[in-house]
1. Which residues, taken from region A:160-179, are more than 7 Å from chain B (Cβ to nearest Cβ) and modelled with pLDDT under 90?
2. Could you check region A:143-159 and list, in sequence order, the residues that are at the interface with another protein chain (Cβ under 9 Å from one of its Cβ atoms) and of a type in the set (D, E, K, R)?
3. I'd like to know if region B:128-142 contains one or more residues that are under 19 Å from the mean Cα position of the chain (by Cα), more than 7 Å from every other protein chain (Cβ to nearest Cβ) and within 20 Å of B:Lys54 (Cβ to Cβ).
4. What residue, among those in region B:73-122 that are more than 9 Å from DNA strand C (Cβ to nearest atom) and polar (S, T, N, Q), is nearest to the other protein chains (Cβ to nearest Cβ)?
5. So which helices (runs of 4 or more DSSP H) stay within region A:85-186 end to end and still have 3 or more residues that are in contact (Cβ under 8 Å) with a residue 40 or more places away in the chain?
6. Given the criteria modelled with pLDDT of 95 or more and not aromatic (Phe, Trp, Tyr), does B:Ala12 qualify?
Number of protein chains: 2
Amino acid sequence: MTSPADAADPTAPTSPMTGPGPDPATGPNPMTDSRPDPLDTALRLVRAQTAVVKRFDSSLSGLHGVSLSDFTLLLHLAQAPGGRMRRVDLAEALGLTASGVTRGLAPLERIGLVTREAAARDARVAYAALTPTGRERLAEMLHTARQVAAEHFAPEQWSAEGLTQLSALLTRLGGTAPEHRHIPRP
Amino acid sequence: MTSPADAADPTAPTSPMTGPGPDPATGPNPMTDSRPDPLDTALRLVRAQTAVVKRFDSSLSGLHGVSLSDFTLLLHLAQAPGGRMRRVDLAEALGLTASGVTRGLAPLERIGLVTREAAARDARVAYAALTPTGRERLAEMLHTARQVAAEHFAPEQWSAEGLTQLSALLTRLGGTAPEHRHIPRP
DNA sequence: GCCACCTCCTTGACTGCTCAAGTATATGCA
DNA sequence: TGCATATACTTGAGCAGTCAAGGAGGTGGC
């Protein structure tokens with residue numbers, strides 16, 4: 001009754017998901033063997049982001065009813081001149097399409113954190129602008145986000161140098177971020 | 001007819017999205033001023049991932065009709081013993097929920113890249129297993145993915161050391177990746 | 001043997017996003 | 001001035017994922 005296929009059925013995790021694994025000195029690696037695998041790095045980036053986002057989403061949604069992407073959107077508005085941006089610019093900053101921005105703004109407009117403003121010189125344009133309420137709420141979210149980030153990159157595990165390196169490397173990969181240190185505490 | 005608000009309406013991008021910006025020596029930074037901002041780094045990670053995923057999705061969908069997440073799922077199966085994994089293990093490896101895995105597997109099962117296998121010792125378990133076709137297609141996808149990754153981390157811009165550092169830092173952030181160098185070329 | 005509790009997986013409902021199509025408006029050249 | 005082309009935005013449809021609920025099955029203590 002025990003087929004050979006199930007002889008290996010451990011019910012334990014079947015995915016030893018560790019680092020580089022056995023180094024195949026004669027493997028089909030198209031790169032020089034002394035160079036780290038770029039695909040491996042890319043996949044790690046994606047997986048790391050999933051873990052990080054999950055953590056921020058959990059805290060921000062619980063305390064503020066918003067997701068990390070909501071928060072990031074608001075943060076971009078806060079650092080823009082006049083607290084407002086054209087939607088097309090917001091899309092580029094966030095790495096979304098225009099319709100993605102429209103969809104993302106809808107709930108924020110509904111709860112009064114963001115409002116729509118027309119542009120006097122271009123009738124096609126609709127600005128997304130932070131409301132005073134939006135600013136207040138954002139300051140509170142920012143406080144939480146800073147805490148989560150601080151825990152994530154705890155000084156006992158992350159040196160200033162390591163953090164600096166990571167930040168620089170991510171920037172080189174297209175990792176832009178809105179300036180937010182001018183935003184006062186709630 | 002020109003309101004003061006629109007005097008600043010440049011129609012040009014209103015989001016100077018550059019690096020660290022002006023260093024606020026007396027800013028409300030809760031960290032020590034000599035330490036990079038962890039929140040900044042986290043936001044850069046998320047944004048960098050968006051850019052990277054976009055690029056992989058574009059190439060993989062155009063040439064192979066799959067997304068990066070499809071590809072990653074298949075890759076995990078390929079490096080598992082017997083080319084199969086329990087769905088709950090796959091969910092953990094990918095950072096998804098169980099239902100996310102169910103949804104992700106559906107189209108792959110439909111096109112014959114993945115099949116379902118029962119476990120002899122546990123009736124609750126349904127394995128996700130690579131089909132022979134799935135293996136062949138995966139090898140082709142892998143070829144493309146390696147190329148995209150190689151372009152993304154071009155040696156002229158990325159030293160082996162920089163890549164090694166990034167890989168290590170991402171690993172520390174929870175960035176796991178399936179071993180794939182044992183998979184032969186198509 | 002019984003049962004409380006846990007595990008695995010699926011499904012309905014919903015959210016967040018892209019693509020494609022469409023409308024309104026702006027731009028530049030003949 | 002007229003018009004081809006481009007830009008900004010929205011909306012319908014569809015995909016990818018989460019949450020909650022539920023059904024089936026497994027485990028361990030009494």
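The values are calculated or read from the model by the stated rules, or taken from the named source; none is laboratory data. Quick caveat: nothing in here was measured; it's all calculated off a predicted structure. All Cβ positions, even for glycine, are placed from backbone atoms using ideal geometry, and neighbour counts span all protein chains on display.
1. Within region A:160-179, A:Glu161 is the sole residue that qualifies.
2. A:Arg146, A:Glu151
3. yes
4. B:Gln79
5. Counting at least 3 such residues, we get A:132-152.
6. Spelling it out, it is not the case that B:Ala12 is modelled with pLDDT of 95 or more and not aromatic (Phe, Trp, Tyr).
This table checks each residue for (1) farther than 30 Å from A:Gly175 by Cβ; (2) more than 9 Å from DNA strand D (Cβ to nearest atom).
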residue: B:Asp57; (1), (2): no, yes
residue: B:Leu63; (1), (2): no, yes
residue: B:Gln79; (1), (2): no, yes
residue: B:Met85; (1), (2): yes, yes
residue: B:Gly100; (1), (2): no, no
residue: B:Gly104; (1), (2): no, no
residue: B:Ile111; (1), (2): yes, yes
